[in-house]
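The structure appears right after this line, and notes come after that.
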Amino acid sequence: MTLDDRPLRAAVFAHLDALLSRNPTGVLRSADLNGFSWEGRQLRLVVQSGIWKPTGLEAALTIRTTYTRPDQIPPYADDIGEDGLVRYKYRGVDPNHSDNRALRQAMVSGLPLVYFVGVDSGTYVARYPVWLVAEDPTRLEFSLAVDEAQRSLDVVARDYVARLTMARLHQPLFRARVLRAYQDACAMCRLRHPELLDAAHILPDGHPRGDPVVPNGLSLCKIHHAVFDRNIIGVRPDLTLEVKPRVLEEIDGPMLRHGIQEMAGAVLTVPRERHSRPDPDRLAERYEEFRQAG
């Protein structure tokens, strides 16, 4: 049986659109992903091997990077290259493995794929469409464009490519992993509306240790994200919250009183899993910045 390729890909994208429209966190469960059907036939989108080519297709349709805890080493080192593009490793070391041939066919044909990146066990952030744009057999990897603009490398500056990768892939993934670790609640006020929550960096992008990883993140509602970024509220290394003295002296409405001033002396709520808790060294550095701020 030969599947009609492009309509199938469009149907997969529509399936993902529908799932995401009902989920403000952007995190999708494998059970929901694998509820996809095409022309009366149920087709799994996430498979154990990480590279999925349905029977009848020549080119891969979905790829996956499995979830790895922050304190563990990932089985495949999918990462960002110097050109700002994602690197996706071969399956194994044989360039002619059937899965690697399926990836190569998608690249040669310019076909869009879905990229699933693990947030936790059995849950993913989906980035689509993505395209395989180059192959490096010496490093056993393909280059992956996560935005249409990244496909024209001859006219796109490297720093722009890298910014697109952060915006399209790393930032949504960082948010999903941080909110998951904090059980979709603000670490300061416990607000549980995911659509009102952000993943705040303890140390910012561009800092040598400002990586988009859970130990460098806090799940904060938009108000507390803003006051944290502006050093109105600080977090001591012992997780106690401090409010700038000048702000404690202000008189305003209930948001200032209950949302900011009454946070003084409260304790940050952190994940149960030790490997997901805020990094004490990062907190200490950020707290010193808070102390020095006016």
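The values are calculated or read from the model by the stated rules, or taken from the named source; none is laboratory data. Predicted model only: the values in this text are computed from it and were never measured. Note that we place each Cβ from the backbone using ideal geometry, even for glycine, and neighbour counts take in every protein chain shown.
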Conditions (1) within 24 Å of the chain's Cα centre (by Cα); (2) more than 25 Å from A181 (Cβ to Cβ) -> R272 fails only (2)
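In region 18-69, how many residues are part of a helix (DSSP H, G or I) and on the phi > 0 side of the Ramachandran plot? Outline the logic, then answer.
Of the residues in region 18-69, the ones part of a helix (DSSP H, G or I) are 18-21, 30-33.
Checking the rest, the ones that are also on the phi > 0 side of the Ramachandran plot come to none.
Residues that pass the stated criteria total 0.
For region 185-214, enumerate the residues that are in contact with a Pro (Cβ under 7 Å, 6 or more places away or on another chain) and either at pLDDT 95 or above or not assigned by TED's automatic domain parsing to the domain that holds E273 (or both).
I202
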Considering only region 268-283, state which residues are surrounded by 18 or more Cβ atoms within 10 Å (Cβ to Cβ) and either among the small types (G, A, S) or not in a loop (DSSP other than H, G, I, E, B) (or both). S276, R282, L283
Region 47-90, residues that are charged (D, E, K, R), buried (at least 18 other Cβ atoms within 10 Å of the Cβ) and modelled with pLDDT of 85 or more: K53, R64, R87, K89
Search result, residues across region 125-145 that are under 12 Å from L169 (Cα atoms) and of a type outside the set (D, E, K, R): V125, A126, Y128, P129, V130, L144, A145
Looking at I251, I232, which is the one that is more than 25 Å from H207 (Cα to Cα), assigned by TED's automatic domain parsing to the domain that holds H207, β-branched (V, I, T) and in contact with a helix residue (DSSP H, G or I) (Cβ under 9 Å, 6 or more places away or on another chain)? I251
Within region 220-259, which residues are touching a residue at least 24 places away in the same chain (Cβ under 8 Å) and of a type in the set (A, V, I, L, M, F, W, C)? L220, C221, I223, V227, F228, I232, I233, V235, L239, L241, M255
For L140, indicate whether it is under 27 Å from L43 (Cβ atoms), aliphatic (A, V, I, L, M) and either assigned by TED's automatic domain parsing to the domain that holds V27 or in contact (Cβ under 8 Å) with a residue 24 or more places away in the chain (or both). no
Report yes if some residue within region 188-198 is touching a Leu at 6+ places or on another chain (Cβ under 7 Å), part of a strand (DSSP E or B) and at negative phi; otherwise report no. yes
Take R192 and tell me if it is free of Cβ contacts under 8 Å to residues at least 12 places away in the same chain, surrounded by fewer than 18 Cβ atoms within 10 Å (Cβ to Cβ), among the basic types (K, R) and within 23 Å of P172 (Cβ to Cβ). yes
Among the residues of region 24-46, which ones are free of Cβ contacts under 8 Å to residues at least 60 places away in the same chain, surrounded by fewer than 16 Cβ atoms within 10 Å (Cβ to Cβ) and not hydroxyl-bearing (S, T, Y)? N34, G35, W38, E39, G40, R41, Q42, R44
Sole residue being crowded, with 16+ Cβ neighbours inside 10 Å, over 26 Å from T68 (Cα atoms) and small (G, A, S), chosen from G259, G265: G259
Selection from region 236-284 of residues β-branched (V, I, T) and touching an Asp or Glu at 6+ places or on another chain (Cβ under 6 Å) yields none
Yes or no: region 195-205 includes at least one residue that is in contact (Cβ under 8 Å) with a residue 60 or more places away in the chain, surrounded by fewer than 21 Cβ atoms within 10 Å (Cβ to Cβ) and more than 21 Å from P280 (Cβ to Cβ). yes
From the set of residues in region 149-184 that are surrounded by fewer than 19 Cβ atoms within 10 Å (Cβ to Cβ) and of a type in the set (V, I, T), which is modelled with the lowest pLDDT? V155
